[in-house]
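Just so it is clear, none of the values below were taken in a lab; they were calculated from the coordinates. Here the structure is a predicted model, which means the values were calculated and not measured. Counting neighbours? That spans all protein chains shown, and the Cβs are built from the backbone with ideal geometry, glycine included.
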Amino acid sequence: MRTLGKLIGLSAFAMTLAIPAAAQAAAANLVDGTVATSGTNCSWTNAATSDNPPNTLTIDQASVSVTCDDGTPITLNNSPQVTFDDGAGTATVDKLNITGTKSGISCTYEATGVQFARTGDTRDYTGGPISAGKTDGSILCPGTMTLDSAAVSFH
């Protein structure tokens, strides 16, 4: 059952990490992302954002559609706000709230203040490990979930 909870948490957290990475300031306000944990990989493309980095922006939860290689359905429950510190080369997500369901068991996890490091002078960011606490779900869901790695790219 730990493996089930881990996969659900990974998938859910992957969605959480839909915390985009953008390209240039004149770009189209979109973000792509990938997350990995315990051998499961999840990704999304072209999620809408309210602005371009380095401006503070919000990722539109309705536009985030996560696909995981193990088929776990993931739902982003909030529209995360992302702030940028170009001097430090970081992007910080205020809150990620994700639900993953596997074999009829749903687990919801939340992480706050999630920080990513920028790659060079691009709008590509990486992070991890990232820990999220369980906020709802079955007793079979682990109390915390750790995402091994995550990457986002704003364009």
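Once fully extended, how much extra length lies between Ala62 and Ile139, figured as 0.36 nm per residue of separation less the alpha-carbon to alpha-carbon distance?
Fully extending the segment from Ala62 to Ile139 adds 24.9 nm.
In nm, to one decimal, how far is the modelled label at Asn55 from the one at Thr90, with both set 7 Å along Cα→Cβ?
Here the modelled spin labels are 2.4 nm apart.
With charges only on Cβ, +1 for K and R and -1 for D and E, what is the dipole size of region 30-154 about its Cα centre, in debye, rounded to 20?
280 debye
Lys/Arg Cβ at +1, Asp/Glu Cβ at -1, dipole of region 30-154 taken about the Cα centre: which of Gln61, Thr40, Gly120 is farthest positive-ward?
Projecting each Cα onto the dipole axis, the largest value belongs to Thr40.
Across every pair of different alpha-carbon atoms, what Kirkwood hydrodynamic radius in Å does region 28-80 reach?
Every distinct Cα pair counted, the radius reaches 11.8 Å.
At q = 0.10, 0.16, 0.22 Å⁻¹, what base-10 log of I(q)/I(0) does the Debye formula yield for region 30-154 when every alpha carbon is treated as an equal point scatterer in vacuo?
Log-scaled intensity ratios, in q order: -0.29, -0.76, -1.44.
Full extension from Asn46 to Asn78: what is 0.36 nm times the residue separation minus their Cα-Cα distance, to one decimal in nm?
Stretched out fully, the Asn46 to Asn78 stretch lengthens by 9.8 nm.
Subtract the Cα-Cα distance of Thr119 and Ser38 from 0.36 nm times their separation in residues, and report this length gain in nm to one decimal.
26.8 nm
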